[in-house]
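The values are calculated or read from the model by the stated rules, or taken from the named source; none is laboratory data. The shown structure was predicted, so the numbers you read here are calculated from the model rather than taken from an experiment. Virtual Cβ from ideal backbone geometry, glycine too; neighbours counted across all protein chains shown.
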Amino acid sequence: MNQRIMAVDPGEKRLGIAISDESGTIANPLTVIKHVARLIDAAAIAQLAKEYEAALIVVGQALDSEGYPGPAARRSARLAEALRTQTDLPIKFWDESGSTRSAQTAQVAMGVSRSKRKGHLDDLAATVILQSYLDEN
């Protein structure tokens, strides 16, 4: 199964995007898209998926401690609906709980200086979501 998989970490202001290698085993940060409007965001994601020949789009969905979708998860669901109007690729949800914290922890572990750790982690959070998905599948 040689196919790239794309992941989206949908935030209120920005969407982190990650892509796997062709073997679908290693996730890499790709880019951050500034949130404009749901359909415009979805079109940008669909375009990236086409450009990078992704076979699947994984959308991060934050679940609460009982495993139920919260307000952020509903935002993920609305983004996925918009995506389905822009692409025929399969779209799967994946629990993103703790992805930003994991991205922060990874930066500390890699020795990234405190000043360079400031800023957005959206693409790294998407990478954490994608790697989690790849490891499990």
ask   = Out of the residues in the stretch 31-83 that are β-branched (Val, Ile, Thr) and under 15 Å from the mean Cα position of the chain (by Cα), which is surrounded by the fewest Cβ atoms within 10 Å (Cβ to Cβ)?
value = Thr31
message = Where the second residue is assigned to a helix (DSSP H, G or I) and the first is buried (at least 20 other Cβ atoms within 10 Å of the Cβ) and lies in the stretch 126-137, which pairs have Cβ atoms under 6 Å and are six or more apart or on separate chains?
response = Val128/Ser99; Val128/Ser102; Val128/Ala103; Ile129/Ser99
Some residue of the stretch 5-12 being in contact with a helix residue (DSSP H, G or I) (Cβ under 9 Å, 6 or more places away or on another chain), charged (D, E, K, R) and over 17 Å from Thr85 (Cβ atoms) = yes
task = Scan the helices (runs of 4 or more DSSP H) fully inside the stretch 42-137 and keep the ones with 2 or more residues being β-branched (Val, Ile, Thr), modelled with pLDDT of 90 or more and farther than 27 Å from Ser23 by Cβ.
result = none
ask   = Is it the case that Ile33 is at pLDDT 90 or above, assigned to a helix (DSSP H, G or I) and closer than 16 Å to Asp9 by Cα?
value = no
inquiry  = Could you list, ordered by first residue, the pairs with Cβ atoms under 7 Å in which the first is in the stretch 70-82 and touching a residue at least 12 places away in the same chain (Cβ under 8 Å) and the second is assigned to a helix (DSSP H, G or I), at least 6 apart or interchain?
reply    = Arg78/Arg38; Leu79/Arg38; Leu79/Asp41; Leu79/Ala42; Ala82/Arg38; Ala82/Leu39; Ala82/Ala42
